[in-house]
1. Restrict the check to the range 232-246 and report whether at least one residue is in a strand (DSSP E or B) and modelled with pLDDT of 95 or more.
2. Just to verify a result, which residue in the range 72-87, among those that are in contact with a helix residue (DSSP H, G or I) (Cβ under 6 Å, 6 or more places away or on another chain) and closer than 18 Å to L209 by Cβ, is surrounded by the most Cβ atoms within 10 Å (Cβ to Cβ)?
3. I want to confirm something. Restricting to the range 126-142 and keeping residues that are within 24 Å of E257 (Cα to Cα) and under 13 Å from the mean Cα position of the chain (by Cα), which single residue is surrounded by the fewest Cβ atoms within 10 Å (Cβ to Cβ)?
4. Could you tell me how many of the residues in the range 34-71 are part of a helix (DSSP H, G or I), out of contact with any strand residue (DSSP E or B) (no Cβ under 7 Å at 6 or more places or on another chain) and surrounded by fewer than 23 Cβ atoms within 10 Å (Cβ to Cβ)?
5. Out of (1) surrounded by fewer than 23 Cβ atoms within 10 Å (Cβ to Cβ); (2) in contact (Cβ under 8 Å) with a residue 24 or more places away in the chain; (3) near ligand 1 (Cβ under 8 Å from one of its atoms), the odd one out for M14 is which?
6. Can you tell me how many residues within the range 209-223 are assigned to a loop (DSSP other than H, G, I, E, B), among the acidic types (D, E) and more than 8 Å from ligand 2 (Cβ to nearest atom)?
7. Quick check, is G69 within 15 Å of ligand 2 (Cβ to nearest atom) and either of a type in the set (D, E, K, R) or modelled with pLDDT of 95 or more (or both)?
8. For the range 208-253, give me each residue that is of a type in the set (A, V, I, L, M, F, W, C), touching a residue at least 40 places away in the same chain (Cβ under 8 Å) and within 17 Å of Q195 (Cβ to Cβ).
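The values are calculated or read from the model by the stated rules, or taken from the named source; none is laboratory data. Quick caveat, the model's predicted, so the values are computed rather than measured. Here the Cβ positions follow ideal geometry from the backbone for every residue, glycine too, while neighbour counts run over all protein chains shown.
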Amino acid sequence: MTTPAGAPRCLAVMPAGGTGSRLGATLPKQYLELAGEPMIARAARALLAAPWIEQLVVVVAADDARAAGVLAGLPRTTVLGEGGATRRDTVLAGLRWLAGAREASPDDWVLVHDAARPGLDRPSLERLRESLAADPVGGLLALPVSDTVKRGAPHDPARPGDARQGGQAGQGGHAEASAARVAQTVPREALWLAQTPQMFRLGRLLGALERFPDVTDESAAIELTGLAPKLVTGSRANFKVTTAEDLDLMRRLLAAESVPPGEARTR
Ligand SMILES: Nc1ccn([C@@H]2O[C@H](COP(=O)(O)OP(=O)(O)OP(=O)(O)O)[C@@H](O)[C@H]2O)c(=O)n1
Ligand SMILES: C[C@](O)(CO)[C@H](O)COP(=O)(O)O
């Protein structure tokens, strides 16, 4: 699919420079096998299933010796060994490469998609593009929170019934066997879980990420400039593989579905 001359193009950056410390495997999680191929290849193919994505740059760590082989043969794809210390740094390297080596225009759209989200489906991708085609800001796939939400509080021996029962504080402020107790039930109505791809104009996103280093996604940087990105409903299968339990779940999901990456799911 070609874009008419002068029209904004759709490009993509895949941050793949992480180590997968929360999963704790012997190799970075993006190289773990899922349904017969490494997670990173599955995630890249899911994005490339959209023919309107003209160029994908997969940004890996400088010492990554696996990516070139694993991604060889994928169309419209370049591997860049300039991953940074944080996800934001890695994404910035990809955006700068698009702007420099590929001479992308500040008006071109860029989709940023995690290598750790191999369950992206084509209908979600199409929904994102169609919802944002005429949008002045850009936006992201996300899921409305559907469970009752609790805010946890640390153990407080002064509170009745709050005797310490063991358990270690775990990763990301949570706990494996939690010692936290409920401080509050939080209204869920306005809450969404951010996914990727996140889709913004290249120039605006580059500027925002350069200005605001302390963000965990692209939307947060854009939000800090005073703009309100659009929330486009994603799909549950597009969850981020973060823990060993997620990996197991993703393996089962992909094994149960015999559809190629990016294609529609029947359920
Ligand atoms: N310095 C970094 C850190 C993360 N990522 C990428 O950002 C995505 C989402 O990050 P996350 O799930 O947090 O991955 P890791 O940082 O690898 O995981 P962990 O935090 O458990 O170490 C992944 O595709 C990961 O490879 C990146 O490109 N560069
Ligand atoms: C971008 C992201 O996937 C949205 O959920 C997420 O912010 C990145 O991962 P992390 O777990 O917050 O590092």
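1. So far as the range 232-246 goes, yes, one or more of its residues are in a strand (DSSP E or B) and modelled with pLDDT of 95 or more.
2. Within the range 72-87, the match that is surrounded by the most Cβ atoms within 10 Å (Cβ to Cβ) is G83.
3. Per the criteria, the residue is A142.
4. 1
5. (1) is the only condition that M14 fails.
6. Going through the range 209-223 one residue at a time, the tally reaches 1.
7. Judged against the criteria, G69 is not a match.
8. The answer is V215, A221, I222, L231, V232, A237, F239, V241, M250, L253.
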